[in-house]
1. Quick one: in the range 25-55, of everything that is touching a residue at least 40 places away in the same chain (Cβ under 8 Å) and within 22 Å of residue 81 (Cα to Cα), which residue is most open to solvent (accessible area, probe 1.4 Å)?
2. For residue 207, are the conditions met, namely being surrounded by fewer than 18 Cβ atoms within 10 Å (Cβ to Cβ), of a type in the set (D, E, K, R), modelled with pLDDT of 95 or more and out of contact with any Leu (no Cβ under 6 Å at 6 or more places or on another chain)?
3. Output yes when any residue across the range 16-24 is of a type in the set (Ser, Thr, Tyr), open to solvent by 30 Å² or more (accessible area, probe 1.4 Å) and over 18 Å from residue 104 (Cα atoms), and no when none is.
4. Being among the polar types (S, T, N, Q) and in contact (Cβ under 8 Å) with a residue 24 or more places away in the chain is the filter; apply it to the range 230-251 and report the residue that is most open to solvent (accessible area, probe 1.4 Å).
5. So which residues in the range 61-94 are in a loop (DSSP other than H, G, I, E, B), within 12 Å of residue 48 (Cα to Cα) and not aliphatic (A, V, I, L, M)?
Amino acid sequence: MDACGCTRSVQSDVTQYETFLQSRPKEWENDAIKLVCKLCLLYKVRCHIVHLSSSEVVPLIQHAQEEGAPLTVETCNHYLTLVSEKVPDGATEYKCCPPIREQVNQDLLWEAIRSDAIEMVVSDHSPCLPEMKNLDTGDFMTAWGGISSLQFGLSLFWSEAKERGFDVQTLVRLLCKNTAKLCQLDDRKGTLKVGKQADFVIWDPEEKQTVEVPMIEHRHKLTPYLSRTLSGVVHRTVVRGRTVYERNKPLPPPSGQPILLEVASKL
């Protein structure tokens, strides 16, 4: 069994990304989402599909939504920016579950965003100790499955989105407004309005930066985005009116607060 729970017998070269990709066929993901759509329509219970990678199931999701299923879906930046054809042999920093798929699949995911079938884009940030990635052997099948990217989420999305003709309003809807609504926090977060919490970034959408190890804030620096040039540089991040990040300056003490939903009162 690999780090993502795969039990399929492997006869091919485990240092080739294609070997891992074949161990996670789209059919498996499609079948799981078909079941979710069926049950969501049947019982009208709110369901959310996380880190969608297979474009083949988008028409089914759209049909379920049109039929009244309370169904939402997200995808991740790595599915929108990385493609299987360009993953080098032994580069296990690219391994995640579901896997990064081919260019044609990525193009169709972007079309699903354009049609509003995909409503959110998230990080699925999954760091690990570098040794868990099997960098010494390049074995995709036993390496940890996860990609570190939280810090660069806005830039990753914007770099690809603007090349495909999307605007900043689309970015706000997918990364901020809809995610806050999913978490039932849209009464205080997700948009800039009087009475809501002052959560925002100050950034330059035209400025470019190349991802280098010294700039990475998360503890373990391994990421498939090293040496990648991105558009959109964040200069300051403000949460509830307080600066929690300022470019090229030391990070201030943590100021996060628990966010608890009053679920019981709504039952």
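The values are calculated or read from the model by the stated rules, or taken from the named source; none is laboratory data. The structure displayed is predicted, hence computed values, not measured ones. Because the Cβ atoms are built from the backbone with ideal geometry, glycine has one as well, and the counts that use them run over all protein chains shown. The protein model used for the area step is the full one, side chains on, heavy atoms only, and it has no ligands, DNA or RNA in it. Shrake-Rupley method; radii C 1.70, N 1.55, O 1.52, S 1.80 Å.
1. 50
2. Criteria met by residue 207.
3. No, the range 16-24 contains no residue that is of a type in the set (Ser, Thr, Tyr), open to solvent by 30 Å² or more (accessible area, probe 1.4 Å) and over 18 Å from residue 104 (Cα atoms).
4. 237
5. Passing the criteria: only 70.
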